[in-house]
Every structure is written in C-alpha cells, then in structure tokens.
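Q: My questions all concern the structure below.
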Amino acid sequence: MKRKTKFYNKMAVLSMVFSAIILFGSCKKNGETSPATLSGSTLSDSTSYASTSTSTVYNISLDGLKSDGGYAYKIGYPLPQNGDSNTSPSVSTLRLFENGVELGPAHSVHQDIRDYGKGRFSHWGTTLYFSASDNTNPATNGRKYTYTMGGTPTTSGTGTTTTGTTGTLTTTGVSNALMGYAMVNGTTTGGAGGQTVTVSTLADLKTAVSGSTPKIIYVSGHILGSGDVPIYVSSNKSIIGKPGAIIEGVSLYIFTVSNIIIQNITFRNYVTDAAVMMKFATHHVWVDHCDFATDRNHGWTYWGKDMSITRASDYITVSWSRFHDTNLSFLISGGIAGNEEDIGHLHVTLHHNFWYNVSEREPDMNYGSVHVFNNYHLNNGGYSLGARAGGNVRTDNEYFSGCAKPLTTNLAGDPPGYFSGVTTNIYSNCGANDITTSISSWVPGYSYSAVLDPAANVPSIIQKGSGAILTN
C-alpha cells in the first residue's frame, strides 16, 4: 500500500492528551497523563470492545484536528510507537473506536479515507488519519474517540488481521464492523482468544469445528463434499476463508449453539439442505463477506437454500455477502403451521448484501423481526422480499433493479406480514409491490443511522465490496 508523496506535506505537530480509561460496558475517565508514563488500566474480555487480550485504552483529544480533504481528518501527536510506512504498510497495531464501537478498516489508503470514509483510518508514522463512521466531522459530532495498541499484525492477501482481536477480517476498502442483531442481547465474537488452526480437508474441518472451546479456523483451498454432507459446528467458532477458499457440497449445521462467525467463504452446490443452516434456538451468529451459488438448471427442489434460519433461532447478522444463480435463496422460519415457537424470535439483520439471478426469497420470512438495509437486488424473476404470518420486515435504502415483485405479503394464501420503510427504497425498472396489509411503523431497537448509505449509492458500493473478497 504505497502512499503518494503529497501525503507528506508539512503539518504542525500537535500535542494530544491521553488518559487511561476502564471500560465496563461504558467508558470511565481517569486522570490524564502522557503515553510515555501511562500506567493505564486494562480491558477484560467482557467489554464492548470485544478485545480478547487486555489492552490499555487511551482517550483522543481532538484539539487541533485538521481536515485532510473529503471525509478524512488528521491529527499528529506523540503516539507510544510509530505506525505504518512505505516499507511497512501494515505494521501498526492501533485499533480505533468511536463511542466504544470499533472503526475500520485499518491501514486504509489515504485517498480511500477521503473518498469513502465510513470509519476507515490509517496510523501513518506519528499521525492518525481517520473518518467518522457516518462521515461527519469528529470535532463536532459529539462522539468520543479512543484507541488501543498491541497485538502482532499479520497479513493475508489484501486483508489484515491482528492477533488478540475477534478474529474477524479487516479488508482494504470495505467496512467489516459487526452491526445489527448479532450485537443485541449479547455480542458475537466467534473463536476470539482461542487456538488458531488451518484446515484444507473435509475431515480436518469436521474435527476443527467440534467442541465448544473457542477456536479460529482458517479454511485453505477447496474443500469438497458429495453434495449433502453435514458438518456440525459447535459454539465459539470463527470460520474464516483464506484467499480463494471454497466449501462445496457441504452444509454447515449450526444447531443449538451460539457465538459463531463465518467470513470470506465461497459456498457452492449444497444439495437438499442450506449451505449455512441455523436451527433449534441457535443465537448470535454473524455471516460476513461470503458468496453463495448453485445454478437454476436442476429444478426448484434439487438444491438447498443458500441460508436458512429456523426454529426459534435469534440475533443473527448477515452482511456484505453475495447470493446468486439459484431459485430459492434465503429462508427465515421453516413454515407457519407447527412453527409457532418462532414467535418472539428470529431477530435478523441483513445489510449490504447482493442478490442477483435469483427466482425468489431474498429473504422470505414468517413470524420474525427482520431488518434489511442497503441490500442490492438485481434481475430477480419472482418476488424479492416476502413477509408472512404477522412478521415485521423493515427496509431501509434498499435498491431493486429489474425485479418482478420487490416486496410482497401476498404469498400462497398464507397469513400476511408487515413492511415498514418501503418509501426509502429505490425501485428501478421493477414491477409493483404487492403489499396487502397496512404499512407498519416498526423499526429495530438498535441504532444504525451511522452506517446507512444512500439508496442511490448501493449498487456501486455493493458491487465493489460484497462477496468473498480475499480471492487472490
């Protein structure tokens, strides 16, 4: 990641005041001192920063903050150690937080911080270049910015990870922050703090995901099953694909477990059952930057769904993933009759995903409380989003293009559900919605405005940033 020489213009060296703070769900400020003499307090695993090793947390004083153009701001100060450079572009271990929520990606190209913002930052030399999560001015938006240092950075393809973090990806040009229901009533950290292993065979993958001990499992190469091979995933696991990782002919069974992260995997050709199947009160799962596809040549009943969330499962986020070239994509609740246990559960967030060349179900749901925002639906032949059995679907800034029926509650004579936020979406060259119930006012209980992109920007953002991005 090479910075151009224009980033080295003279700048004033500004003093910053740091203070150690103890975080127990919220930040408590202690006396101020300099980094050189800071004894500091530490963060435990139970803090909202999701750190798996103890780290000193410093407040950032924004006195002297300067614009660096676009959404970028910069401030120079005597950090405890130097950061990235042309010869070492990803050496910094700095983690940046806004009101306790981690920003990223780190090590961002400075022009990307200017052009795209959304929490991107760079610790370059002794200067911090960064953007707010919603591209506002950090000096006036009223938020507290803090940072930690520590851990050993490692690189993999175009992405970086840092030991001692949640084990999730930090990828150039794409936000990877956990958002939505997977961080409600608890959080989702996967295998953070556990053993790290790399697997490249079906047998090794089955072994690695067993047992409830935290573990970070990297998938390497092409793992091939016969089409309907089940792999039972235990709690407290992160399954992260290395560049080009493919799992084919396999269904991940996520049953009666919790705290699972799945990232950067290409899933292909799963027969009968879903590629990722959450069932039986599974909760707190995050699926991020994955790619799901079969084909539309084998008929509607041959392939399994891309993903299913059923039987009282709860607090799920699916983000920045691609679903394409299939008939039935995504199911939330396994049916109406006999599945009343789903009532009060099925809290699911779907954001910044891409559906294309799909017949229907993007997703289809019964009973649940489903929030969809900033997803891109392209050239889909049936209906896109279906709401049944009194369930609520909130849409925010979705983009539908060439879709026959974007939103519907009129499905096979089933009891209808409800939609809210339908006027926030863009419908380009689409058929009409078929909503038979009154428009709802339901919204999820968490805040998301800071990460909500304008609907008009969705196609370009999603085509650039979704899917299994560590491919080469």
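Q: In nm, to one decimal, how far is the modelled label at Ser441 from the one at Ala456, with both set 7 Å along Cα→Cβ?
A: 3.0 nm
Q: Tell me, what is the percent relative contact order of region 237-328, built from C-alpha pairs under 8 Å that lie six or more residues apart?
A: On the way: 238 pairs, mean separation 26.7, N = 92.
Relative CO of region 237-328 lands at 29 percent.
Q: Consider just the alpha-carbon atoms of region 429-472 and return their Rg together with their Dmax, both in angstrom.
A: Cα radius of gyration and Dmax of region 429-472 are 15.9, 48 Å respectively.
Q: Here is a further query. Which of the trypsin sites (Lys or Arg not before Pro) found in region 257-360 are loop residues per DSSP with 16 or fewer other Cβ atoms within 10 Å of their Cβ? Let's see the in-between values first.
A: On the way: sites: Arg268, Lys279, Arg296, Lys305, Arg311, Arg322; in loops: Arg296, Lys305, Arg311.
Of the trypsin sites (Lys or Arg not before Pro), the ones in loops of region 257-360 whose Cβ has at most 16 other Cβ atoms within 10 Å are Arg296.
Q: Using only C-alpha atoms and all pairs of different ones, pull out the Kirkwood radius for region 245-366 in Å with one decimal.
A: 14.1 Å
Q: Starting from the Cα of Glu341, step 7 Å along the direction of its Cβ; do the same at Ser449; then give the gap between the two resulting points in nm.
A: For the pair Glu341/Ser449, the computed spacing is 3.9 nm.
Q: Counting only the heavy atoms of the protein chains, how much of Trp124 is accessible to a 1.4 Å probe, in Å² to the nearest 10?
A: In the full protein context, Trp124 sits at about 20 Å².
Q: Now for a different question. Length gain on complete extension for the stretch Ser212 to Thr198, per 0.36 nm per residue less the alpha carbon to alpha carbon distance? Walk me through the numbers before you get to the answer.
A: Numbers: separation 14, 0.36 × 14 = 5.04 nm, distance 1.75 nm.
Gain on extension, Ser212 to Thr198, equals 3.3 nm.
Q: I've got another one for you. May I have the convex hull volume per residue, in Å³, for the Cα set of region 386-472? Mind showing how you got there, number by number?
A: Numbers: hull volume 12.2 nm³, N = 87.
Output value, Cα hull per residue: 140 Å³.
Q: Going by accessible area, probe 1.4 Å, with all protein chains left in place, what is the ranking of Ser329, Ser235, largest first?
A: Details: Ser329 0, Ser235 20 Å².
Result, largest first: Ser235, Ser329.
Q: Which value, in Å² rounded to 10, gives the accessible area of His298 with a 1.4 Å probe and all protein chains present?
A: Roughly 100 Å² of His298 is accessible to a 1.4 Å probe.
Q: Largest first, how would Tyr427, Tyr270 line up by accessible area (1.4 Å probe)? Before the final figure, lay out the partial values.
A: Numbers: Tyr427 80, Tyr270 0 Å².
Correct descending sequence by accessible area is Tyr427, Tyr270.
Q: Among 345-353, 333-341, how do they line up from the highest to the lowest mean number of other beta-carbon atoms within 10 Å? Mind dumping the intermediate values first?
A: Numbers: 345-353: 25.3, 333-341: 14.4.
By packing density, highest mean first, the sequence is 345-353, 333-341.
Q: Ok, one more. What FRET efficiency, computed as 1/(1 + (r/R0)^6) with R0 = 35 Å and r the Cβ-Cβ distance, is obtained for Asn429 and Ser67, rounded to the nearest 0.05? Please list the in-between numbers first.
A: Values: r = 39 Å, r/R0 = 1.13.
For Asn429 and Ser67, the calculated efficiency is 0.35.
Q: Give me the distance in nm between label points sitting 7 Å out from Cα along the Cα-to-Cβ direction at Ser359 and Asn141, one decimal.
A: Label-label distance for Ser359 and Asn141, simple model: 4.4 nm.
Q: Give me a comma-separated list of calculated 3J(HN,Hα) values for region 432-449, in order, Karplus coefficients 6.51, -1.76, 1.60 applied at θ = phi - 60°, integers in Hz, x for any Gly or Pro.
A: Each residue of region 432-449 in turn: 7, 5, 10, 10, 9, 10, 5, 5, 8, 10, 5, 9, x, x, 9, 8, 9, 4 Hz.
Q: Say the dipole of region 290-367 comes from +1 at the beta carbon of Lys and Arg and -1 at that of Asp and Glu; which of Trp300, Gly334, Leu346 then lies farthest toward its positive end?
A: Trp300
Q: Kirkwood Rh over alpha-carbon pairs of region 323-367, then Stokes-Einstein at 4 °C and 1.567 mPa s: what D in µm² s⁻¹, rounded to an integer?
A: Working: Rh = 11.6 Å.
Calculated translational D: 111 µm²/s.
Q: Now, a different point. For the full complex of protein chains and a 1.4 angstrom probe, list Ser210, Ser321 by accessible area with the highest value first. Present the calculation step by step, with values, prior to reporting the outcome.
A: Working: Ser210 60, Ser321 0 Å².
Ranked list, largest accessible area first: Ser210, Ser321.
Q: If the reach is capped at under 19 angstrom between alpha carbons, list the aspartates and glutamates near Lys215, excluding any in the same chain fewer than eight residues apart.
A: Counting by Cα, and skipping residues close in sequence, Lys215 has these aspartates and glutamates nearby: Asp45, Asp204, Asp288.
Q: A further question follows. Straight-line reach from Lys305: which aspartates and glutamates fall under 14 Å, measuring Cα to Cα and dropping same-chain residues less than 8 apart?
A: Asp228, Glu248, Asp273, Asp291, Asp295, Asp325, Glu360, Glu362, Asp364
The values are calculated or read from the model by the stated rules, or taken from the named source; none is laboratory data. Just so it is clear, the structure is predicted and the values come from calculations on it, not from any experiment. Neighbour counts are summed over all protein chains in view; Cβ atoms, including those assigned to glycine, are modelled from backbone coordinates with ideal geometry. Heads up: the accessible areas ignore ligands, DNA and RNA and are worked out on the full protein's heavy atoms, side chains in. Shrake-Rupley method; radii C 1.70, N 1.55, O 1.52, S 1.80 Å.
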